[in-house]
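Chemist: What follows is a single structure, and I will ask about it in a moment.
The values are calculated or read from the model by the stated rules, or taken from the named source; none is laboratory data. Everything numeric in this text was worked out from a predicted model, so none of it was measured. Neighbour counts are summed over all protein chains in view; Cβ atoms, including those assigned to glycine, are modelled from backbone coordinates with ideal geometry.
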Number of protein chains: 2
Amino acid sequence: MKKNIRVVQYGVGPIGAGIVRLMREKKALEIIGAIDKDPAKAGKDLGEVVGAPDAPWGVIVSGDAGKILGQKADVVIHTTSSYLPNVVDQLMECIEAGSCVVSTCEELAYPFRKHPQISARLDAEAKDWGVALVGTGVNPGFVMDKLVLTLAAVSQRVDSARAIRIVDASNRRLPLQKKIGAGMTVEEFGAQVAAGVIKHHGLPESIAMVADGLGFAVDDITETIQPVVAHAPVKTEFLEVAPGQAAGVHQIARGFANGVEKIYMELQMYVGAPESSDTVELAGNPDIKLTVPGGTHGDVATASVVVNCIPAILAAPAGLRTSRDLPMCFFPPSAKP
Amino acid sequence: MKKNIRVVQYGVGPIGAGIVRLMREKKALEIIGAIDKDPAKAGKDLGEVVGAPDAPWGVIVSGDAGKILGQKADVVIHTTSSYLPNVVDQLMECIEAGSCVVSTCEELAYPFRKHPQISARLDAEAKDWGVALVGTGVNPGFVMDKLVLTLAAVSQRVDSARAIRIVDASNRRLPLQKKIGAGMTVEEFGAQVAAGVIKHHGLPESIAMVADGLGFAVDDITETIQPVVAHAPVKTEFLEVAPGQAAGVHQIARGFANGVEKIYMELQMYVGAPESSDTVELAGNPDIKLTVPGGTHGDVATASVVVNCIPAILAAPAGLRTSRDLPMCFFPPSAKP
């Protein structure tokens with residue numbers, strides 16, 4: 001058995017940096033390289049780029065993906081874009097280096113409906129190279145899909161499923177507060193939605209995963225994006241929202257089978273939410289409900305899910321996997337590879 | 001691909017009967033035989049024994065395990081005893097017939113500490129025959145272990161874990177109400193505990209599974225069993241409990257690492273409980289909590305978990321598996337094998 005699991009980080013933005021810091025705590029992991037084209041990061045020490053107290057680490061961030069992937073890591077952690085077509089070449093390069101991949105690309109979490117050809121291509125290539133890849137994170141990847149399917153393990157019959165995630169974004173990073181439109185006028189918000197800028201990615205992917213896992217013949221997935229409008233002023237560390245302005249997003253996605261709504265997913269992510277929470281409800285035999293009071297913190301939880309997934313993806317059969325297939329669990333810091 | 005998954009039911013008590021009724025609803029499953037030595041059942045039609053509205057099914061319950069197992073089912077559902085040493089020969093016979101096994105034997109759920117030799121023997125035999133076996137159910141197998149480990153997927157660090165299950169037994173079957181000591185004097189209850197009659201099995205197994213999954217070096221597992229004493233009269237469909245009598249069991253199990261409590265599990269199962277609930281709490285980064293208000297109904301959920309586990313055990317690598325390894329999910333009634 002190898003002494004260490006050799007890891008490369010592909011993309012050192014805020015999520016990638018959080019993942020890197022968490023990976024550093026796992027004895028079984030050796031971070032052998034990092035890729036980022038940003039000139040503010042390339043050439044710098046990875047520990048310094050991610051703000052680690054024990055920096056420098058002696059691992060230099062490189063803009064040359066081919067060079068770093070050529071080191072043939074056991075697994076590449078990929079955090080560069082939400083859109084699968086944008087990253088398919090990056091993923092193929094990882095696969096062809098013989099590395100497993102865990103990616104936060106939301107469209108990779110369950111890509112079979114929106115991108116059937118890319119899915120088939122990635123699956124075939126991964127099988128050819130004997131590696132597995134998965135797109136995961138907290139949402140999509142956990143709270144609105146894996147947790148729904150896990151709860152369904154105690155169900156004799158499921159008629160419909162609901163997942164509601166309310167996130168108070170008040171203490172989240174500025175890019176996230178901006179990304180959800182906090183502080184915009186309702187008109188600006190609408191324009192940003194129309195331009196595709198404001199959007200949480202992944203609800204249709206979660207709907208598709210749940211539909212297939214519960215055996216629902218969902219033939220139509222809809223999605224709406226509206227602002228949560230502030231009724232009172234909200235002030236965060238970074239910005240202020242006046243009454244009447246957008247405080248964040250309110251997205252609703254639905255899955256219909258033959259005109260009947262079978263899956264409902266609602267995401268409210270805004271500054272000033274009274275309380276965060278995740279709720280899953282299954283109607284059937286029995287009716288059953290699960291709540292995570294206080295919710296799961298998106299950035300913290302995404303880093304967790306991704307890093308905790310590393311042993312599972314290394315153990316998985318070759319090919320394109322999803323969090324539906326994998327036993328989601330914890331990666332103890334002291335674990336041996 | 002085969003048209004059907006061929007299943008044998010081994011043990012047709014209340015839990016086995018519930019499993020059989022649920023299996024009947026899954027299009028992919030063909031129940032080819034059933035084993036029970038009880039003369040009141042052997043020789044009768046399985047559908048009639050389990051009270052199915054569409055009986056008879058043309059499947060006769062047999063007391064001859066060898067004959068039924070000789071039909072080489074794809075999977076045997078085994079529900080005969082809580083004690084692993086009592087059933088190891090039955091499990092070996094299933095394995096040697098080339099069948100995968102899903103068993104409700106609580107001690108099989110995570111048998112490595114209490115029964116290391118039997119565990120090794122079952123694992124080796126299963127690998128020799130190319131089949132997988134698992135012990136599972138709602139508890140152990142789901143609410144106090146798998147759900148804990150699944151929730152830990154969003155954790156960066158886990159310092160300790162708690163699982164608390166409160167079950168109102170008022171509407172459960174009479175054997176269960178008797179098994180938990182409802183209606184006994186406190187002295188009778190104590191005697192029945194001492195005799196090993198009153199006990200919910202599986203808490204130490206859940207502790208061991210969680211300890212290994214979270215990387216806790218648990219070196220001591222303790223367990224206490226006390227009565228829940230009724231303060232007011234309780235009346236169920238089957239029995240009455242007077243104030244001062246036992247209404248049910250209160251079990252607490254703890255896992256210690258080097259003298260420090262790392263895992264706490266508490267089970268209260270009694271008639272007249274104000275509300276059933278399952279709660280999981282992880283202390284660490286982040287602190288996180290999950291609740292199932294109303295709880296998971298033991299008999300309904302055990303049948304669910306067992307039947308839903310069938311596709312996963314058929315897909316699992318050969319050997320002795322646990323619910324820790326398997327993706328717990330739902331088995332859609334319309335699913336094809």
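Chemist: Please enumerate the residues belonging to region A:102-136 that are touching a helix residue (DSSP H, G or I) at 6+ places or on another chain (Cβ under 7 Å) and assigned to a helix (DSSP H, G or I).
Modeler: A:GLU106, A:GLU107, A:LEU108, A:ILE118, A:LEU122, A:GLU125, A:ALA126, A:TRP129
Chemist: Also, quick follow-up: Every residue in region A:221-236 that is modelled with pLDDT of 95 or more and of a type in the set (Ser, Thr, Tyr), please.
Modeler: A:THR222, A:THR224 - these are the residues of region A:221-236 that are modelled with pLDDT of 95 or more and of a type in the set (Ser, Thr, Tyr).
Chemist: With without any contact (Cβ under 8 Å) to a residue 60 or more places away in the chain, within 30 Å of B:PHE142 (Cβ to Cβ) and within 14 Å of chain B (Cβ to nearest Cβ) as the only criterion, which of A:ALA153, A:ALA161 stands out?
Modeler: A:ALA153
Chemist: Within region B:256-268, is there a residue that is within 13 Å of chain A (Cβ to nearest Cβ) and without any contact (Cβ under 8 Å) to a residue 24 or more places away in the chain?
Modeler: No, region B:256-268 has no match at all.
Here's the yes/no breakdown for (1) in contact (Cβ under 8 Å) with a residue 12 or more places away in the chain; (2) more than 7 Å from chain A (Cβ to nearest Cβ); (3) more than 30 Å from B:VAL101 (Cβ to Cβ):
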residue	(1), (2), (3)
B:SER277	yes, yes, yes
B:VAL280	yes, yes, no
B:PRO286	yes, no, yes
B:PRO293	yes, no, yes
B:VAL307	yes, yes, no
B:ALA312	yes, yes, no
B:PRO317	yes, yes, no
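Chemist: Then there is this: If we scan region B:103-111, do we find a residue that is hydrophobic (A, V, I, L, M, F, W, C) and surrounded by fewer than 24 Cβ atoms within 10 Å (Cβ to Cβ)?
Modeler: No, region B:103-111 contains no residue that is hydrophobic (A, V, I, L, M, F, W, C) and surrounded by fewer than 24 Cβ atoms within 10 Å (Cβ to Cβ).
Chemist: Turning to a different aspect of this structure: For region B:319-337, name all the residues that are crowded, with 21+ Cβ neighbours inside 10 Å and either aromatic (Phe, Trp, Tyr) or more than 8 Å from chain A (Cβ to nearest Cβ) (or both).
Modeler: B:LEU320, B:ARG321, B:THR322, B:SER323, B:PHE330, B:PHE331
Chemist: Return the total of residues in region A:177-196 being crowded, with 19+ Cβ neighbours inside 10 Å and either in contact (Cβ under 8 Å) with a residue 40 or more places away in the chain or under 18 Å from A:ASP299 (Cα atoms) (or both).
Modeler: Looking only at that region, the number is 8.
Chemist: Could you look through region A:137-150, keep only residues that are touching a strand residue (DSSP E or B) at 6+ places or on another chain (Cβ under 7 Å) and part of a helix (DSSP H, G or I), and pick out the one that is farthest from the other protein chains (Cβ to nearest Cβ)?
Modeler: Step by step, filter region A:137-150, then rank; the result is A:VAL148.
Chemist: Inspect all residues belonging to region B:312-319 and state whether any of them is in the same structural domain as B:GLU96 (by TED's automatic domain parsing) and of a type in the set (Val, Ile, Thr).
Modeler: Looking for residues that are in the same structural domain as B:GLU96 (by TED's automatic domain parsing) and of a type in the set (Val, Ile, Thr), one finds at least one in region B:312-319, hence yes.
Chemist: Among A:ALA55, A:ALA97, A:ALA40, A:ALA65, which is more than 24 Å from B:GLN156 (Cβ to Cβ) and without any contact (Cβ under 8 Å) to a residue 12 or more places away in the chain?
Modeler: A:ALA40
Chemist: Just checking, does region B:86-99 include any residue being closer than 27 Å to A:ALA335 by Cβ, buried (at least 17 other Cβ atoms within 10 Å of the Cβ) and either of a type in the set (Val, Ile, Thr) or in contact with a Cys (Cβ under 9 Å, 6 or more places away or on another chain) (or both)?
Modeler: No, every residue in region B:86-99 fails to be closer than 27 Å to A:ALA335 by Cβ, buried (at least 17 other Cβ atoms within 10 Å of the Cβ) and either of a type in the set (Val, Ile, Thr) or in contact with a Cys (Cβ under 9 Å, 6 or more places away or on another chain) (or both).
Chemist: Are any of the residues in region B:199-222 at positive phi and either among the hydrophobic types (A, V, I, L, M, F, W, C) or within 14 Å of chain A (Cβ to nearest Cβ) (or both)?
Modeler: There is at least one residue in region B:199-222 that is at positive phi and either among the hydrophobic types (A, V, I, L, M, F, W, C) or within 14 Å of chain A (Cβ to nearest Cβ) (or both).
Chemist: Also, I was wondering about something else. Can you tell me which residue is nearest to B:VAL260 (Cα to Cα) among those in region B:207-217 that are buried (at least 22 other Cβ atoms within 10 Å of the Cβ) and touching a strand residue (DSSP E or B) at 6+ places or on another chain (Cβ under 6 Å)?
Modeler: The qualifying residue nearest to B:VAL260 (Cα to Cα) is B:PHE216.
Chemist: Separate question: Is it true that A:ALA55 is in the same structural domain as A:TRP129 (by TED's automatic domain parsing), over 23 Å from A:VAL300 (Cα atoms) and not charged (D, E, K, R)?
Modeler: no
Chemist: In addition: Could you please find all residues in region A:151-176 being crowded, with 24+ Cβ neighbours inside 10 Å and either among the hydrophobic types (A, V, I, L, M, F, W, C) or out of contact with any strand residue (DSSP E or B) (no Cβ under 6 Å at 6 or more places or on another chain) (or both)?
Modeler: Listed by number, the residues that qualify are A:LEU151, A:ALA152, A:ALA153, A:VAL154, A:VAL158, A:ALA161, A:ALA163, A:VAL167, A:ALA169.
Chemist: State all residues of region A:296-305 that are more than 7 Å from every other protein chain (Cβ to nearest Cβ) and modelled with pLDDT under 95; if no residue qualifies, say none.
Modeler: If the condition is that a residue be more than 7 Å from every other protein chain (Cβ to nearest Cβ) and modelled with pLDDT under 95, then A:GLY298, A:ASP299 are the ones that fit.
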